[in-house]
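One structure below.
A short reminder: the numbers here are calculations on the coordinates, not readings from a lab. What you are looking at is a predicted structure, and each value in this text was computed from that prediction instead of being measured. Because the Cβ atoms are built from the backbone with ideal geometry, glycine has one as well, and the counts that use them run over all protein chains shown.
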Amino acid sequence: MTKNLNQGIYFMLISAVCLALMSAFAKVLSQEMPTIEIVFFRNVIGVGLIMLTIIKTPILNVGGKPWLLFFRASIGLLAMLSFFYNIANIPLANAITYSRMSPVFTAIFAMWFLREHINFKGWIAIAFGFIGMLFVMQPEGLLFEESHIFGLVNAICAALAFTSIRELKKYYDTRTIVLSFMGIGVIVPVISMYLSSYYTSDIFYFMMGEFVYPNLKQSIYLIGVGITATLGQVYMTKAYGETKAGIVGAASYSVIVFSIIIGLILGDALPNIMGFIGIMLIISGGILIARSKI
């Protein structure tokens, strides 16, 4: 039992490092190419890696929920676009902290859509999460900045995607779910990049950007995004397979610590006192929710 516990935490720490590195690669790339192109290459590499597994082990699906599959893919893409857009425009730690709010929203959506019960500890965790979010945002009055909106969109859309996966796993192979998400994450960016030179509206501006042919350094970073993203998913899956979900779920919040360290190396400033308090509240809320699943 102890060996499995240590192994699960070890795998989750590797996953957290991979996610922080992926975000760092994306942040550096965003200085020279649009977010939509980074998302495109991240998904192209992912599709290629999944196709290799399908050649070895064919997919078996029950099927029957195509619209839910499409919803998960679309909402997942919106979450990814919001996440990468924030990475490009705010400190790394803040962007990742917003994404760590998704378990709080997942608990709420699971109660609404899946009729799951939230106990007293769960409501305390949700309160911690929302208060922590306000501390990180530090809005002036009721005025929220662009990054705040994208942070909330990222967390809410990711939570909706995670909630839908619980139902989809009854009908589809996990690779089908991921492939549908990455597939639409290739198709939509191609359309967006093609239309960008003709697009003049301010609506959906975060999805627009003309294709920049990557040079050698950018190509290496793009490969780094794809590999670290894939490794992060693999080791996260391994972690949840080794020990109880609550333990590895709590360990997953180490990604915020790694993102602060890597952000400092990239030139980000340390969060202020209010920001640190907010980060600790969000971590505490997430750990409470995770531990309720032990």
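Quick rundown of the values:
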item	result
Cα-centre dipole for the chain with unit charges at Cβ (Lys and Arg positive, Asp and Glu negative), debye to 20	1260
Karplus 3J(HN,Hα) series, Hz, for the stretch 86-94 with 6.51 cos²θ - 1.76 cosθ + 1.60 (x for Gly, Pro)	5, 4, 6, 10, 9, x, 4, 4, 5
Cα-based shape type of the stretch 1-70, given that a ≥ b ≥ c are square roots of the gyration tensor eigenvalues and the cut on a/c is 1.5	oblate
Under the Karplus curve 6.51 cos²θ - 1.76 cosθ + 1.60, θ = phi - 60°, whole-Hz ³J(HN,Hα) for the stretch 43-48, x wherever Gly or Pro sits	7, 4, 5, x, 4, x
Where only C-alpha atoms are counted, convex hull volume of the chain per residue in Å³	151
Rounded to whole Hz, the Karplus (6.51, -1.76, 1.60) HN-Hα couplings of the stretch 50-55, x for glycine and proline	5, 4, 5, 5, 5, 4
Long-range HN-HN contacts of Glu116 with modeled amide H, under 5 Å	Met111
Long pairs among Lys65/Lys170; Lys121/Lys169; Lys65/Lys169; Lys27/Lys238, criterion Cα-Cα beyond 21 Å	Lys121/Lys169; Lys27/Lys238
At most 15 other Cβ within 10 Å, DSSP loop - chymotrypsin sites (Phe, Trp or Tyr not before Pro), the stretch 107-211	Phe144, Phe204
Around Ala79: net Lys/Arg minus Asp/Glu count, Cβ-Cβ under 14 Å	+3
Most fluctuating residue given options Val44, Val257, Val62, as computed from a GNM of the chain linking Cα atoms under 10 Å	Val62
